[in-house]
Amino acid sequence: MNAKVEHRRILLADYRTPDWLVDSIEMEIDLDAEYTRVLTTMRVRRNPAEPDGSSPLVLFGREQQLLGVQVDGHEIAPGDRELSASALVLRIPEQCEVRIESRIRPQDNHSGLGMFVAGGGVIATQCEPEGFRRITYFPDRPDVMAIYTVTLRASPERCPVLLSNGNLVASGTLHDGRHWARWHDPHPKPSYLLAVVAGNLPHLTDQFLTRSGRSVALKIYASPDKISRCRHAMDSLKHAMRWDEDVYDLEYDLDVYHIVALDGHVGAQENKGLNVFDAQTIVADPDDATDDDYMLIERIVGHEYFHNWTGNRVTCRDWFQLSLKEGLTRFRDQEFSSAMSAAAEKRIAAVSRMRADQFAEDSGPAAHPVKPESFIEVANFYTTTVYEKGAELIRMLRLLIGPTAYLKGIRMYLTRHDGRAVTTEDFVRTMEDASGRDLTQFRLWYHQAGTPQLDIDEHHDATTHTYRLRIRQSCPATPGQPRKEPMHIPVAIGLLDADGRALPLRLRYDVTPCTDTTRVLEVRHSIEEYEFVDVPVAPILSVLRDFSAPVRVTFQRRANDSLFLAIHDTDPVSRWDAIQGLATRAILEAAEDFRVKRPPRIEPDFLNVCAEILSGEADPGIAALLLRLPEENTLGAAAEPPIDLDCIVAGRQFVIGTLARSLRDRWLARYEELANDEPYRPEAIPIARRRLRNLSLGYLAVLGDETSIRRVIHQMDNGANATDRIAALSILTDLDFPDRIATFDRFYERWRPNDLIVDKWLYIQATSRLPGTVERVRALTAHPAFDLLNPAKGKALLGGFCRRNYVQFHEPGGSGYRLFAEMLIQVDRIKPESINWLMPQAMQWRRLDVSRRHLIQTEFRRIIDTPNISRGLYELLANALLEPSASPDSPAMG
Ligand SMILES: [Zn+2]
């Protein structure tokens with residue numbers, strides 16, 4: 001078959017309103033052991049807005065056996081129906097009732113989409129983006145919204161719990177001993193939000209009183225061994241519900257809210273009233289969840305809850321609008337999480353992810369706008385650009401129009417479009433209406449790919465007391481977009497004097513004086529100039545405060561100014577930025593020393609600043625963030641291609657070793673004084689203390705002496721909580737010491753019954769920087785702890801290696817690339833919709849040296865030559881091999 005015909009590219013420009021609408025749908029699902037029978041009754045009518053008026057009803061459907069079709073109670077004539085592997089086409093009256101009977105086998109479905117059997121024999125569904133068509137025949141697209149009623153029947157022994165969306169309206173027992181439950185969701189929704197869960201799942205109950213006085217029953221379901229560990233998720237849910245009322249004035253709209261934690265599952269899904277999660281992001285106790293897990297649970301539970309309005313009540317017209325729900329909801333979960341605790345740390349973590357992952361995506365062949373224009377496989381577009389950069393767009397919007405207009409705009413958006421499927425354009429237009437601002441230029445953020453670059457020059461005039469800033473913007477070419485228009489970029493700045501005091505920010509033509517210590521400059525043209533007055537001494541510029549826009553900044557500042565900002569800037573993101581800049585420079589300079597084979601050096605001033613932060617910083621959580629050196633992937637993204645990866649790795653190792661040795665006594669003092677024998681609490685202060693203590697442990701371990709290594713092993717064996725034990729294991733994974741394998745085996749034997757910890761054990765080994773990791777990871781794929789059909793384990797081991805192991809993935813002999821190709825082909829056979837999460841590092845191949853480029857291309861070719869690769873893999877490889885100047889519509893493959 002011709003690949004180009006098979007792998008059709010879908011274009012945003014080809015969007016057409018649906019020909020047919022579905023007002024209501026009733027599903028009867030018999031969950032029997034051999035087959036699951038699905039009887040679907042829909043009330044359909046031709047869309048009055050459809051211009052043609054003659055098109056048949058197209059119902060998408062895959063991997064199911066059609067048993068019968070009735071129209072208004074009569075079997076359809078054979079000539080009026082046409083069935084293919086992907087659709088059922090019906091010629092029917094303008095308005096009628098269509099009844100379809102089909103059957104499926106969830107037990108054979110490993111795609112992760114549709115209905116499947118998860119851990120513990122629990123039957124569950126995942127319909128976003130196109131899973132519903134694996135359950136029944138339906139116009140499975142988000143702009144067809146309907147009212148759903150779902151009746152489930154099953155044996156009460158096998159499935160004592162029967163859940164779907166909305167409220168329970170009836171239930172009972174049948175003559176044959178099976179039981180049934182009927183669920184009705186009064187809110188119209190797209191098919192991707194349908195959910196069914198059935199199985200043996202105990203639950204935890206609570207309730208929430210909404211601000212208007214309605215009582216909502218809250219239930220979390222999990223496997224019997226995990227249900228006692230769901231309290232933190234329940235508390236997080238209640239905090240999220242309260243926060244959305246307090247901040248956005250949004251109240252929950254059903255009588256029940258269910259969360260189901262599935263074993264061996266990956267991801268979390270916001271199905272209306274019935275969220276389905278992987279157990280890892282619900283279950284937590286001090287023995288198996290780290291501080292990061294506790295915070296992640298809070299954030300993700302919040303995220304899926306917030307979708308109830310931003311995503312469910314108002315949804316996306318088509319998948320090109322994915323960021324409409326994901327960018328906005330990601331921003332809302334960031335704000336919620338920051339409101340709960342440690343706001344500065346969380347913002348810095350988000351900025352760090354943007355720099356490491358999204359900037360890399362933007363600079364590679366998979367660069368795409370927040371609103372993509374075409375795709376072959378929609379599953380490939382659940383990217384950091386759509387989620388993380390999408391969230392930054394909302395943050396910029398709020399900064400530009402102000403928090404009051406932003407909230408007004410959100411409320412207006414949700415009222416205006418309630419129960420509808422809309423576009424990012426609808427969203428931006430509402431923000432314009434709410435604020436009175438013209439956002440025409442701002443819209444480019446949705447359409448132009450790539451990371452804008454700001455080049456900044458400054459000039460201070462001591463005689464006129466003026467300070468001039470010149471900001472020049474540009475944006476590199478990305479696939480299909482050789483030239484870019486200037487963007488509307490909010491640049492938040494502050495000026496400090498030599499004592500660290502904030503200076504006034506008066507522009508020459510200000511009408512009203514600016515009294516804030518941070519000012520947002522709106523950069524709109526290719527070159528902008530700003531003249532500040534009443535600046536008697538040369539100030540120190542603090543720029544892009546709070547990462548006010550997702551851009552790169554080049555500003556030649558004096559080294560001393562960076563040192564100064566690292567200590568004195570009042571904006572935590574800028575402080576972190578200053579020290580990251582210093583660390584990056586120190587590492588890249590050492591890398592250059594290695595390259596030209598001269599003894600590497602490090603600036604004493606850099607060591608002094610680190611010493612001051614380590615001993616003097618009041619907040620240990622901030623100190624830990626400031627003293628954590630950039631990882632190799634961030635350094636690679638900051639280096640000019642071709643990246644000399646081996647020298648970067650050596651340079652980073654040298655700087656870490658120097659920091660460890662020269663501050664040895666301080667690390668030890670911090671490690672000892674931050675010890676804590678109080679019971680574990682996942683709260684900001686103890687979390688901050690553990691962070692710095694474990695960072696200190698890691699620096700001490702770099703010294704490599706027996707005492708230091710024994711200290712880490714002791715903490716792995718005797719740490720009082722999962723955070724300390726896992727931190728120790730993560731340090732050990734990069735250390736070469738006698739009995740290393742035996743130490744890891746001992747950890748496994750101890751924690752073997754706890755699958756959440758075992759998955760971490762797999763992940764940590766997959767991310768080791770040590771030589772021999774490729775062989776170890778390959779061996780682990782045959783270990784009893786691993787199962788390729790279990791998505792959580794796949795994510796831990798294969799994802800850990802392919803996504804997060806920068807050093808050994810790019811091992812100079814190419815064995816990492818070989819392992820990557822083997823994994824990719826295997827996963828593509830079982831679960832083609834999920835291969836994109838293995839790809840990000842490989843996508844950066846053009847930035848590597850010649851030898852590595854050659855090695856990885858050999859593997860790409862091996863994959864292409866493999867028979868029957870999926871359309872998703874085809875698209876990813878076509879993108880990877882695209883010439884940098886080409887457009888994605890002209891793939892380099894035949
Ligand atoms: Zn989401």
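Coordinate-derived values only; no laboratory data. Given the structure is predicted, the values throughout are model-derived calculations rather than measurements. We place every Cβ from the backbone using ideal geometry, glycine too, and count neighbours over all the protein chains shown.
If I fit a long axis through the Cα atoms of helix 755-766 and take the longest principal axis of the Cα atoms of the chain, what angle between them do I get, 0 to 90°, rounded to 10?
Compared with the principal axis, the helix lies near 50 degrees.
For D72, put the label point 7 Å out on the Cα→Cβ axis and report which residues of the range 83-120 keep their amide N under 17 Å from it.
Those under the cut-off are 90-100.
For the chain, build the charge dipole from Cβ charges (+1 Lys, Arg; -1 Asp, Glu) around the Cα centre, then report which of F606, P106, P93 sits farthest towards its positive end.
So the residue we want is F606.
R0 = 45 Å: FRET efficiency of R483 with D292, Cβ-based, nearest 0.05?
Plugging the Cβ-Cβ distance into 1/(1 + (r/R0)^6) gives 0.60.
I want the local charge near L237. Using Cβ-Cβ distances under 14 Å, sum +1 for each Lys or Arg and -1 for each Asp or Glu among the other residues.
Neighbourhood net charge equals -3.
In 10 Å bins starting at zero, report the fraction of Cα pairs in the range 740-894 per bin as a rounded %.
Reading upward from the zero bin: 10, 39, 33, 14, 4, 0.
Would you tally the net charge around V276, using a Cβ to Cβ cut-off of less than 10 Å, leaving V276 out, and scoring K and R as +1, D and E as -1?
With Lys, Arg at +1 and Asp, Glu at -1, the neighbours total -3.
Below 8 Å between Cα atoms, with a sequence gap of 6+, how large is the relative contact order for the chain in percent?
Worked out over the chain, it gives 9 percent.
Indicate the gyration tensor shape class of the range 310-366 (rounded, prolate or oblate), computed on the Cα atoms with a ≥ b ≥ c the square roots of the eigenvalues: a/c under 1.5 is rounded; otherwise a/b larger than b/c is prolate and the rest oblate.
Oblate is the answer for the range 310-366, as a/c is 1.5 or above yet b/c matches or exceeds a/b.
Work from the charge dipole of the range 314-447 (Cβ charges, +1 for Lys and Arg, -1 for Asp and Glu, about the Cα centre) and give the residue of F375, Q358, G419 farthest towards its positive end.
G419
Under 18 Å Cα to Cα from K189, which lysines show up? Leave out anything in the same chain fewer than 8 places away.
Reachable lysines: K272, K325.
Using 7 Å Cα-to-Cβ label points, what is the D534/H783 separation (nm, one decimal)?
6.4
Percent of Cα-Cα pairs per 5 Å bin, from 0 to the last occupied bin, for the range 314-447, please list those.
2, 10, 19, 23, 20, 15, 9, 2, 0
Label-point separation (nm) for T205 and D739, each offset 7 Å from Cα along Cα-to-Cβ?
So the two model labels end up 5.1 nm from each other.
Determine by what factor the alpha-carbon radius of gyration of the chain differs from 2.2 N^0.38 Å, reporting the quotient.
My calculation over the Cα atoms of the chain gives 0.97.
Report the extension gain between I864 and H459 in nm, rounded to one decimal, defined as 0.36 nm multiplied by the number of residues separating them, less their alpha carbon distance.
That pair, I864 and H459, stretches by 140.3 nm at full extension.
What does the net charge come to around N754 if you take all other residues with beta carbon closer than 11 Å to its beta carbon, with K and R at +1 and D and E at -1?
-1
For the chain, take the longest principal axis of its alpha carbons; what is the angle in degrees between that and the long axis of helix 403-416, to the nearest 10 within 0 to 90?
Taking the Cα atoms of the chain, the angle to 403-416 is about 10 degrees.
Label points 7 Å out from Cα along the Cβ direction at D510 and A13: separation in nm?
Here the modelled spin labels are 4.7 nm apart.
Compute the long axis of helix 706-718 from its Cα atoms, compare it with the longest principal axis of the Cα atoms of the chain, and write down the angle in degrees, 0 to 90, nearest 10.
In the chain, helix 706-718 runs at an angle near 30 degrees to the longest axis.
Quick one: Cα centre-to-centre distance for the range 434-487 and the range 527-553, in angstrom?
Here the answer is 13 Å between Cα centres.
Can you list residues whose amide H is under 5 Å from I643's amide H, if they're 5+ apart or on another chain and H is modeled 1.01 Å from N?
Residues meeting the amide H criterion: L848, D849.
Rg and Dmax of the range 572-724 over Cα atoms: what are they, in angstrom?
Cα radius of gyration and Dmax of the range 572-724 are 16.3, 52 Å respectively.
Excluding residues fewer than 8 places away in the same chain, name every one of the lysines whose C-alpha is closer than 25 Å to that of K793.
K226, K760, K831
So what J values fall out for the range 690-701 if you push phi through Karplus, 6.51 cos²θ - 1.76 cosθ + 1.60 with θ = phi - 60°, rounded to Hz, Gly and Pro as x?
Along the range 690-701, the couplings run 5, 4, 6, 5, 6, 5, 4, 4, x, 4, 4, 5 Hz.
Which FRET efficiency value, to the nearest 0.05, do you get for R853 and S84 by plugging their Cβ-Cβ distance into 1/(1 + (r/R0)^6) with R0 = 45 Å?
0.60
Check N167: other-chain or 5+ apart residues with amide H under 5 Å from its amide H, H built from backbone geometry?
Counting only residues 5 or more places away or on other chains, the set is H184, D185.
Let me know the charge dipole size of the range 612-655 about its Cα centre in debye, to the nearest 20, where only the beta-carbon of Lys, Arg (+1) and Asp, Glu (-1) is charged.
Taking the Cα centre of the range 612-655 as origin, the dipole is about 60 debye.
Going out from 0 in 10 Å bins, what whole percent of all Cα-Cα distances in the range 176-278 drops into each bin?
Distribution as computed: 13, 43, 35, 8, 1, 0 percent.
Spelling out what I want: for every residue of the range 323-339, take phi, set θ = phi - 60°, compute 6.51 cos²θ - 1.76 cosθ + 1.60 (Karplus), and round to whole Hz; glycine and proline get x.
Listing the rounded values in order: 5, 3, 8, 7, x, 5, 6, 4, 4, 5, 6, 5, 5, 4, 4, 5, 5 Hz.
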